[in-house]
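Engineer: Here it is, the structure in full.
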Amino acid sequence: MKTCLHDKHVALGAQMAPFAGFDMPIVYRGIPEEHNAVREHAGMFDVSHMGEFHVGGPGALAFIERVFTNDAANLPDGHVAYGMLTREDGGVVDDLLVYRRSATSFVPVVNAANIDKDFAWLQECLKKEGIEGVELTNLSDNVSEIALQGPEAEEVMRKALGLDMSGLEFYTFCEPEWEGHKLMVSRTGYTGEDGFEIYAPAEVITRIWDVLLEAGVEPCGLGCRDTLRFEVGLPLYGHELADDITPVEGSLSMFCKLDKPNGFLGSDVLARQKEEGPKRRIVGLELLDKAIPRAGYEVLDMEGNVIGHITTGYRGISVDKSIAMALVDAPFTKRDTQVQVRIRRKTFPAVVIPRRFYKKSYKK
Amino acid sequence: MIYYSTSHEYARVEGNIAYIGISDYAQHALGNIVYVDMPEDGDDVTAGEDFGAVESVKAASDLLSPVSGAVVEVNEQLIDNPRLINEDAMANWIIKVEMSDPSELEGLMDEAAYKEFVAKEQH
C-alpha cells in the first residue's frame, strides 16, 4: 500500500522500504541529520500509515474503559491518553493514543502493523463484553497524518499554517479549520520533543506537507523516528511491548489504571504482577564499549548465563554512547547492575541505567 | 590490482598483501557508518567467512573476507572515525591480510565485472 505522500517521498529521493504493508520512507538526507533537525529545529514525518478508529455512541465510554488500560473516565474532553489494549492474560494487543472528543466519541490511534488485528479484537470484545450502544468504525483509509516535531514546531504551525497552537497543552487536541477543512491537531508525538500530530483527509495532508516543506521543515523518515523515540525510552510495539510482554514487564505500569471500578481486560493479572513484581522487566543498558547492542542479542550475567535479550539498541545520536533497552530477568533490573551483552563472537560489559537516555523537552 | 566479492568487500592486492575493505557501492547503501567491528592483529581470516562487521545507524552488516590469511594490521583510525569509510571507502581499508592462498583471488571479480554485478543488483 501507499500513503497519499508516497510519490512526494520518491520525488524527494527518499530511500523507501516496506513497513507494515506500506512502502514507507526510511531516510531522506541521513538518519543523524534528520534526527538532529528534530532535536534542534523542526522535522516532519508521514505517519499516514497509522490506524484511526472511531468509537461512538452512549456505550462508548464504558467500552473504552473496559478495553483500554489508561483512564478514559476522568480524561477531560479534548484530552489524549496513552495506554494499551490488553488481553485477559495481560498480554498487549497494541499500544495506542485515545483521543476523547466527548463521552460518546473517542478516536483511538493505533500502530499501522496492528490495524486489522486491533479492529478485529475490538469487535470481538464488543460482542463478548455485551456493552450496548457502541458504534465502532475503522477510519484508517480516510485519515492521513503528519507528525510535525521539534522545538520550532509551534512557530512553524503559526507561520506556515496560520494556526496558533500556543494555548494547546501537552496531550490535548483541537479541531481547527484550515483552508476550509477541519483538522484534528494534538500536541503529541513520538520523539521526546515538542510537536504536533495533524490528522486530515489525504488531499489536505498532501497540501500541508507541501506548505511545511516550503517553510523549510526537514522531511524525516522512519529511520530517525526510531532513534528519536528510543533515546527518550519510548516503547515500540513488537520490541518493548508484545503479545507476550505485559505493560508491567514493559515498565509501563504508570499507563495502567489498575483501580478502575470495573477493571479493564487483564487488570487483575497486571495488578497481581505488579504486586508480586514481574519476573522480567524492560530496563536501559549502557555498553562500556563502542560496539552496538542490537535487537535480539543476548544479555548475560557475569557468569555467562543468558538472562534476557536486547529489544532495541543503537549508538545514540544525541547521546554519544552505545545504549539499549533490554528485557532482563528480575534480579538484574536494578540500576548499576553489571551484565554482559553478546555481540557476534565477543561479550561486552554493560550496566543497567534509566532508560530515559536523553531528556525529553516537552512543553508542559 | 583490485578484486571484489559478491558480498561487496574488496581486496586491493600488493604482492602477498591484501588490503580489505568495503566497496563504495556498499558504503553508500549502508549510509552513515557509526562503528566498525574489527579482528585483532594476528587473527586468522578465512575466505567467505566473517571477520567483523560494519554498522550503520540502522543495522549491522557482517564483513566477509574475500581471501584467507593472517591479519597483519587493522586500520585503527576507524575506531574513532568510522565515517572515514563513507568519505573514501577505497582509501580506508579495514584490515591488511597476508594471504595464505593467493589463488583464491581467481574466484573474485575484477573492477569491470563488479561494476556489471552492481548494475544488475540495482535492478
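The values are calculated or read from the model by the stated rules, or taken from the named source; none is laboratory data. All values derive from a computational prediction rather than experimental measurement. FYI the Cβ positions are ideal-geometry reconstructions off the backbone, even for glycines, and counts take in every protein chain you see. The accessibility values were calculated without ligands, DNA or RNA, using every heavy atom of the protein model including side chains. Shrake-Rupley method; radii C 1.70, N 1.55, O 1.52, S 1.80 Å.
Engineer: Rank B:Ser23, B:Ser65, B:Ser100 by mean-square fluctuation in a GNM of chain B with C-alpha springs under 10 angstrom and give only the top-ranked residue.
Structural biologist: Its mean-square fluctuation being the largest, the pick is B:Ser100.
Engineer: Do you know the relative contact order of segment A:271-315, to the nearest whole percent, from alpha carbon pairs under 8 angstrom that are 6+ apart? All intermediate terms of the calculation are to be shown ahead of the outcome.
Structural biologist: On the way: 38 pairs, mean separation 14.0, N = 45.
Relative contact order of segment A:271-315: 31 percent.
Engineer: Relative contact order for segment A:51-138: what is it in percent, counting Cα pairs under 8 Å that are at least 6 residues apart? Show your work: numbers first, answer last.
Structural biologist: Numbers: 170 pairs, mean separation 35.3, N = 88.
40 percent.
Engineer: Quick check: with the 1.4 Å probe, what order do A:Asp194, A:Asp141 take by accessible area, largest first?
Structural biologist: Numbers: A:Asp194 15, A:Asp141 145 Å².
Solvent-accessible surface, decreasing: A:Asp141, A:Asp194.
Engineer: Could I ask something else about it? Compute the projected area of the convex hull of the Cα atoms of chain A, averaged over all viewing directions, and report it in nm² to one decimal place. Walk me through the intermediate numbers first.
Structural biologist: On the way: hull surface 70.9 nm².
Over every viewing direction, the Cα hull of chain A projects on average to 17.7 nm².
Engineer: Would you please classify the overall shape of segment A:279-364 from the alpha carbon gyration tensor, given that a ≥ b ≥ c denote the square roots of the eigenvalues, rounded means a/c under 1.5, and beyond that prolate means a/b larger than b/c while oblate covers the rest?
Structural biologist: Numbers: a/c = 2.09, a/b = 1.40, b/c = 1.49.
The shape class here is oblate.
Engineer: Accessible area of A:Cys224, 1.4 Å probe, to the nearest 10 Å²?
Structural biologist: 0 Å²
Engineer: Classify chain B: rounded, prolate or oblate, from the alpha-carbon gyration tensor (a ≥ b ≥ c, eigenvalue square roots; a/c under 1.5 rounded; otherwise prolate if a/b is larger than b/c)? It would help to have the intermediate numbers written out before the result.
Structural biologist: Working: a/c = 1.73, a/b = 1.06, b/c = 1.63.
Note, shape of chain B comes out oblate.
Engineer: So what J values fall out for segment A:43-60 if you push phi through Karplus, 6.51 cos²θ - 1.76 cosθ + 1.60 with θ = phi - 60°, rounded to Hz, Gly and Pro as x?
Structural biologist: Karplus values, whole Hz, x for Gly and Pro: x, 10, 10, 7, 10, 5, 6, 4, x, 10, 10, 10, 10, x, x, x, x, 4.
Engineer: Then there's this: Compute the semi-axes of the equivalent ellipsoid of segment A:51-138, taking the square root of 5 times each eigenvalue of the Cα gyration tensor, and list them largest first in whole Å.
Structural biologist: Values: eigenvalues 58, 43, 31 Å².
Here the semi-axes work out to 17, 15, 12 Å.
Engineer: Roughly speaking, what is the centre-to-centre gap between segment A:148-164 and segment A:69-119 when only Cα atoms are used, to the nearest Å?
Structural biologist: That distance is 27 Å.
Engineer: Taking chain A as a Gaussian network, Cα atoms linked when under 10 Å apart, which of A:Glu175, A:Glu88, A:Glu276 shows the biggest mean-square fluctuation?
Structural biologist: Of the options given, A:Glu276 has the highest mean-square fluctuation.
Engineer: Moving on to the next point. Summing +1 for each Lys or Arg and -1 for each Asp or Glu, what net charge is found among the other residues whose Cβ lies under 12 Å from the Cβ of A:Arg207?
Structural biologist: On the way: positive: A:Lys8; negative: A:Glu179, A:Glu203, A:Asp210, A:Glu214.
Overall, the nearby charge balance is -3.
Engineer: Which of rounded, prolate, oblate describes segment A:214-364, given a ≥ b ≥ c as roots of the alpha-carbon gyration tensor eigenvalues and a/c under 1.5 marking rounded, otherwise prolate only if a/b is larger than b/c?
Structural biologist: Details: a/c = 2.11, a/b = 1.09, b/c = 1.93.
Judged from the Cα gyration tensor, segment A:214-364 comes out oblate (a/c at least 1.5, b/c at or above a/b).
Engineer: Ignoring ligands, DNA and RNA, how do B:Ile22, B:Ile79 rank by accessible area with a 1.4 Å probe, largest first?
Structural biologist: Working: B:Ile22 10, B:Ile79 85 Å².
Order by accessible area, largest first: B:Ile79, B:Ile22.
Engineer: Follow-up. Tell me, what is the percent relative contact order of chain A, built from C-alpha pairs under 8 Å that lie six or more residues apart? Provide the component values of the computation, followed by the final result.
Structural biologist: Working: 848 pairs, mean separation 65.3, N = 364.
Rounded, it is 18 percent for chain A.
Engineer: Would you tell me the accessible area of B:Leu84, worked out with a 1.4 angstrom probe on the heavy atoms of the protein chains, in Å² to the nearest 10?
Structural biologist: Rounded to the nearest 10, the figure is 30 Å².
Engineer: Grab the other residues whose beta carbon is less than 13 angstrom from that of A:Leu139, score K and R as +1, D and E as -1, and report the net.
Structural biologist: Values: positive: A:Arg101; negative: A:Glu52, A:Asp118, A:Glu135, A:Asp141, A:Glu145.
Every neighbour counted, the sum reads -4.
Engineer: Lys and Arg at +1, Asp and Glu at -1: add these up for the other residues within a Cβ distance under 9 Å of A:Gly57 and post the number. Spell out each step's value before the answer.
Structural biologist: Values: positive: none; negative: A:Glu132, A:Glu135.
Summing Lys/Arg as +1 and Asp/Glu as -1 gives -2.
Engineer: Per-residue HN-Hα couplings for segment A:228-242, Karplus 6.51 cos²θ - 1.76 cosθ + 1.60 at θ = phi - 60°, whole Hz, x for Gly and Pro?
Structural biologist: Result, ordered by residue: 5, 5, 4, 4, 9, x, 7, x, 10, 4, x, 10, 8, 9, 6 Hz.
Engineer: For the charge dipole of segment A:279-364, defined by +1 on Lys and Arg C-beta atoms and -1 on Asp and Glu C-beta atoms about the Cα centroid, which residue among A:Tyr358, A:Phe332, A:Pro293 has the Cα displaced farthest towards the positive pole?
Structural biologist: A:Tyr358
Engineer: So if I place +1 on the C-beta of Lys and Arg and -1 on the C-beta of Asp and Glu, and nothing else carries charge, what would the dipole magnitude of segment A:132-250 be about its Cα centre? I want it in debye, nearest 20. Display every interim value, and only then the final one.
Structural biologist: On the way: 7 positive and 25 negative charges, 59 e Å.
It works out to roughly 280 debye.
Engineer: So which residue, out of B:Val45, B:Val72, B:Val57, gets the largest mean-square fluctuation from a GNM of chain B using Cα contacts under 10 Å as springs?
Structural biologist: Fluctuation is largest for B:Val57.
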